[in-house]
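Read the figures in this text as sums done on the coordinates, not as results from a lab. This is a predicted model, so every value here is computed, not measured. Note that we place each Cβ from the backbone using ideal geometry, even for glycine, and neighbour counts take in every protein chain shown.
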Amino acid sequence: MGRNKRLLAEPYTRKEKESSRTYQPSALIIWGRHDAFFSVEEAWCYKRDLPNAQIHILNGGHMALETNFNEVLGLIEGFLAY
């Protein structure tokens, strides 16, 4: 994966936020609409630091990769090919 692309799987730290604001890497945010641990509204918080981030809210839960594998795979492949 190129240095300018990131796959964010969980909320990020202050250091990562500062780095994101400075370097503006491409980012793919995949979120489960029915996540029992993180509110779906939290996904949109990444837009403050990464205004060009791709955000996809899936009809799944916290384990979206397991429950929506084909959909997540397609999103990741599209992101990396871009």
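Only counting other Cβ atoms within 10 Å, I'd like Lys15, Lys47 sorted with the fewest neighbours first.
Lowest count first: Lys15, Lys47.
Could you give the length gained by full extension between His34 and Gln54, i.e. 0.36 nm per residue of separation minus their alpha carbon distance, to one decimal place? Walk me through the intermediate numbers first.
Details: separation 20, 0.36 × 20 = 7.20 nm, distance 1.90 nm.
Full extension from His34 to Gln54 adds 5.3 nm.
With springs only between Cα atoms under 10 Å, which of Arg14, Arg33, Arg48 fluctuates most in a Gaussian network model of the chain?
Arg14
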